[in-house]
1. Among the strands (runs of 3 or more DSSP E) confined wholly to region 365-450, which include 1 or more residues that are in contact with a Pro (Cβ under 6 Å, 6 or more places away or on another chain)?
2. Take region 134-155 and flag every residue that is of a type in the set (S, T, N, Q) and without any contact (Cβ under 8 Å) to a residue 12 or more places away in the chain.
3. Among what's in region 392-410 and is touching a strand residue (DSSP E or B) at 6+ places or on another chain (Cβ under 7 Å) and acidic (Asp, Glu), pick the residue that is farthest from SER253 (Cα to Cα).
4. Taking region 235-281 on its own, how many of its residues are within 27 Å of LYS332 (Cα to Cα) and either within 28 Å of the chain's Cα centre (by Cα) or not assigned by TED's automatic domain parsing to the domain that holds HIS422 (or both)?
5. Please count how many residues of region 316-342 are among the hydrophobic types (A, V, I, L, M, F, W, C), closer than 13 Å to ASP357 by Cα and free of Cβ contacts under 8 Å to residues at least 40 places away in the same chain.
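The values are calculated or read from the model by the stated rules, or taken from the named source; none is laboratory data. Just so it is clear, the model here is predicted, and its values are computed rather than measured. Note that we place each Cβ from the backbone using ideal geometry, even for glycine, and neighbour counts take in every protein chain shown.
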Amino acid sequence: MAEYVIMPKLGFNMEKGTVVKWLVREGDLVKEQDEILEIETDKTVMPVEAQTSGILRKILVAEGEEVPVTLPIAIIAGKDEDISKMIDEAYQKLGKTEVVEKEESKVDRKVSPVIEESQEIEAKKEKEEFKKISPGARRKAKELGVEVESVEGSGPGGVVIEKDVISYYQNHQVKVSPVAQKIAEKVGVDLGTIKGTGIGGKKMKRDLQEILTKGEEVNKTEKRISYTGMRKIIGDRLSQSKFTAPHIYFTTSVDISRIIALLKRFNQDVEERISINDFLVFVAARVLVEQPNINCSLLGEEIVYHKDINIGVAVALEEGLIVPVMKNADKKSLSVLSKEIKKLIRLARERKLMPEDYNGGTFTISNLGMYGVDNFTAIINPPEAAILTVGTAKRVPVVIEEKGAEKIEVRSLIEATLSVDHRLIDGAKAANFLKRLKHYLEFPESLVLC
């Protein structure tokens, strides 16, 4: 029985998908659970499996096309099944009109080679009779490669004579040096548009230099790619977040000198090193337990306070930002958390994340410290209500109070900025979150590290 292949909905926020590549062709036999195409969502590229066995009778959506979820993109059916009605219905849903070209009758299009040759000879004779050409002119035209029919005659009665052909050749010949000719062919320059500065107007290499220089400048300064796929979907979602949720930002400086020293000792005895970013996720999860009013979302007309603490870790890819989610981060030890974060980041960079790996986040952390960024603000990842950004650690002189006396020491400081949706989180709640985060980061001994 014929069935549609539909654009699957692979995530809560997925509304559209793009066909990246068809792995089978029309007419191919496919079996249930065979991978038949790849689609791109706002997060990753995923294979789509056939839900039934049969022949891929019709591909309705071409590679590169974007369509809403649940709409038909192909038809799998038996060899002799009539799928014409399904095709019509599918194209209506997709807003397309199928153009079926009717072949002309082969009898109408087929012409005898003898008749065709005869027609060409007759046309040539008519053309030659219309314009009279002297035998000398015809020989010279053949020698110089001139189409004699294009030459105006100056002989009696308008006859084309030899000097007419020579004059035409001299006036229409493009004089060009061999080097300039090669350059023009390589870059596709029409030499007829170039003014020659050589002897007799000959086109030289220098005459093409200005064009080549301009072309190089354009190539160096301009690159154009289509605003589609992951980049467009991310842009649309973040634009909606920015213009829908009123963002408010809070920044604090954090002394992470003790964390650096602690991790240095801790990493001596473990095979997989724990990073500062891992520690940030670990601490943020515990602060969210204490400050549950930050771990929320606005869904429709309701503010939902999430029981689970699922922290997204922003990962930069060439085509855009992806946020794999560490589920139940508050229930995991630092070492377990570190291993799972590294695994998610690796899968993200290999484009192997599954939908469950990047859905369900309740809070996000974006760390650009490794890129040397001091501080930055981020747009909240919907439907979450907050995102924490962290800059690079900088060694700076700090005034330290110890036993009632002040002294100056060089410490490692980072700047952390919390962006919140002001509809759900007010300033006091955001400030309390940063205060507790700063406390745990500056006094990590108060946390259990196993």
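1. Working: elements: 386-390, 394-402, 405-421.
Filter on region 365-450 gives 405-421.
2. Filtering region 134-155 for residues of a type in the set (S, T, N, Q) gives 134, 150, 154.
Result: SER154, single match.
3. GLU406
4. The qualifying residues number 1.
5. Number satisfying all stated conditions: 1.
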